[in-house]
Amino acid sequence: MYIFYSLIGISILSTLNIFNQLVKNYSNNYENSLTLPLVYNNSNHQKIDNDIFFIINELDKNIGRNALTNDICNLVLREVNQKKNSKIYLKKFKIAPDTNSNNYKYKNSCAISDGNHRLIFTKNNLRKTLPTFYSCKTSISSYCEFENDSH
């Protein structure tokens, strides 16, 4: 009987230890996660990124992913300008200078900007995925801070 109670005690302690480790791992990952600051969450930049994301999805449905990898910046701008119900703030975007970064993530990319907000689209070599886009506020430079930091 003592062996039975010992095994139950060991299994309870082991379960508590595993649970404790899971909570610790979760909290470590939460501290290191890429959460966006609240300033972004309550800004027009989030609206712009969201609208651009919907445009890319709409283009994907209409013309397919193979066409999206060719000239994504011009396709997005054309879609914005042709839609009657496009937001006014989206119509201010124009083709921006290519990135000045040497980072591999931004190779084969193009950019659009309205002077305050820059979107960089990277053309994925895998035709199975949508183009990736990065965005930032450009109040000091015409380039994103992460572009300048990634030389």
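The values are calculated or read from the model by the stated rules, or taken from the named source; none is laboratory data. The structure displayed is predicted, hence computed values, not measured ones. Every residue, glycine among them, receives a Cβ derived from its backbone with ideal geometry; neighbour counts consider all protein chains shown.
Structure values in brief
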| read-out | value |
| --- | --- |
| Hits in segment 10-35 - residues which are small (Gly, Ala, Ser), at pLDDT 55 or above and closer than 30 Å to Tyr134 by Cβ | Ser27 |
| Qualifying residue in segment 38-55 (condition: of a type in the set (D, E, K, R) and at pLDDT below 80) | no |
| Hits in segment 88-101 (condition: more than 15 Å from Ile56 (Cβ to Cβ) and in contact with a helix residue (DSSP H, G or I) (Cβ under 7 Å, 6 or more places away or on another chain)) | Tyr89, Lys91, Ile95, Thr99, Asn100, Ser101 |
| Test result for Ile88, under 19 Å from His45 (Cα atoms) and touching a Leu at 6+ places or on another chain (Cβ under 7 Å) | no |
